[in-house]
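**Student:** What follows is a single structure, and I will ask about it in a moment.
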Amino acid sequence: MDNQTKGECSVAAENKILRFFPQRLRGDWERCGLDFGQIQEIRLRVNQPVKVFCGRERTLPFRYGEREMEEVFRYLCHDSVYAYEEERKQGYIMVEGGHRIGITGELTTAENGRFIAKYIRYMNIRLAHEQKEIAGRIIKYLYHARERTPLNTLIISPPGVGKTTLLRDTIRLLSNGTSEHQGCNVGVIDERGEIAGAYRGSAMLDCGERTDVITGGDKQQGISILVRTFAPRVIAIDEIGRSADAEAILHAGVSGCRILATVHGESVEDIRNKTEMEKLLHLGLIERFIVLSMNEQMDRYFEIYDREGNRLCGRSLLRAPA
């Protein structure tokens, strides 16, 4: 990447960050000297210093009071707070570009025993990062050698290591196809809008040309819709967290779809101890395991295992092929 391209990327990253804040609050960000392209999270806490995470936590020399927090929130909602009411009941809002903003503070009771934040005093801005081709060195392991069809695959990763980013690029390659494998229809169940960066139902991030995305709802509803009406070859799901999620995946498998999913964990052995994963693993549905890890320098690595736990690919750097 030449200096001009690097400069353009830096400006684009800065502009992306600045768009989260009203004009009058952007000066502090312009003067803070951050590498905006490395920012993964921005934590705002009323009357406390702003903190960002870019591989490590950094404390910025400014803070927001109640007035500024309210101003930021209303700005993110385009001054139409009630238009985001359903999302607020889930504790977050999605903004253009696929970025998710966790919100909390004083809660008040909503209908059906749910709660909604009345006074927003804490925000966690999680930035969606699109990295194409990082699955390029992995994708060949995710096909049946003879039948050349996709295999049921589970991505295992601790929080913040990049499992959703890898999931998105894997979806893209399965959908578009590669020089060795034909593209196929992929159905994505994007409950929180993080995979496709969905905004008002439209994917903002590249998930491929043969991909259909369902935003909102839950995994069981999404799988039922996809199986009945879209005939996907692969169904992709982020974060198996409940036994009901595993049951939904079993339904997809019985329906003839291949599965691509993620789960929080440190290793294959770690997830074998998770109750919600017990049935899936006992039935041998998962044929490939991709395990992600990260060191203190923010270098990300992957390992690949087969159904029996045999290592197919040793610890390798997660990056686009040279």
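**Student:** Size of segment 139-317 along its principal axes in angstrom, Cα-based, largest extent first?
**Tutor:** Largest first, segment 139-317 extends 39, 35, 32 Å along its Cα principal axes.
**Student:** I've got another one for you. Would you grab the residues whose amide H sits under 5 Å from the one on residue 119? Only those 5+ places off in sequence or on another chain, please, with H modelled 1.01 Å from N.
**Tutor:** 106
**Student:** In whole angstrom, how long is each semi-axis of the equivalent ellipsoid of segment 56-191, when you take the square root of 5 times every eigenvalue of its Cα gyration tensor and sort them from largest down? Each step should come with its number before you reach the end.
**Tutor:** On the way: eigenvalues 303, 64, 33 Å².
Semi-axis lengths for segment 56-191 are 39, 18, 13 Å.
**Student:** So for the pair residue 320, residue 106, with labels modelled 7 Å out along Cα→Cβ, what separation do we get in nm?
**Tutor:** For the pair residue 320/residue 106, the computed spacing is 4.9 nm.
**Student:** Could you give the length gained on full extension between residue 311 and residue 38, defined as 0.36 nm per residue of separation minus the Cα-Cα distance, in nm?
**Tutor:** Roughly 95.1 nm would be gained on extension.
**Student:** Simple spin-label model, 7 Å along Cα-to-Cβ: residue 58 to residue 221 in nm?
**Tutor:** Result for the modelled spin labels: 4.0 nm.
**Student:** Of the listed pairs 118/163; 132/163; 51/163, which have alpha-carbon separations greater than 25 Å here?
**Tutor:** 118/163
**Student:** Using +1 at the Cβ of each Lys and Arg and -1 at the Cβ of each Asp and Glu in the chain, identify which of 176, 115, 297 lies farthest towards the dipole's positive end.
**Tutor:** Positive-most Cα among the choices belongs to 297.
**Student:** Anyone know which of 102, 256, 197 comes out most mobile in the 10 Å Cα GNM of the chain?
**Tutor:** Evaluated over the chain, the most mobile residue of the options is 256.
**Student:** Oh, and also: Can you classify segment 25-97 as rounded, prolate or oblate using the Cα gyration tensor, where a ≥ b ≥ c are the square roots of its eigenvalues, rounded means a/c under 1.5, and otherwise it's prolate if a/b beats b/c and oblate if not?
**Tutor:** Working: a/c = 1.99, a/b = 1.59, b/c = 1.25.
It comes out prolate by the Cα gyration axes.
All of the numbers you see were taken from the coordinates with simple rules; none came from a lab. It should be emphasised that the depicted structure is a prediction, and the values quoted were computed from it without experimental measurement. FYI the Cβ positions are ideal-geometry reconstructions off the backbone, even for glycines, and counts take in every protein chain you see.
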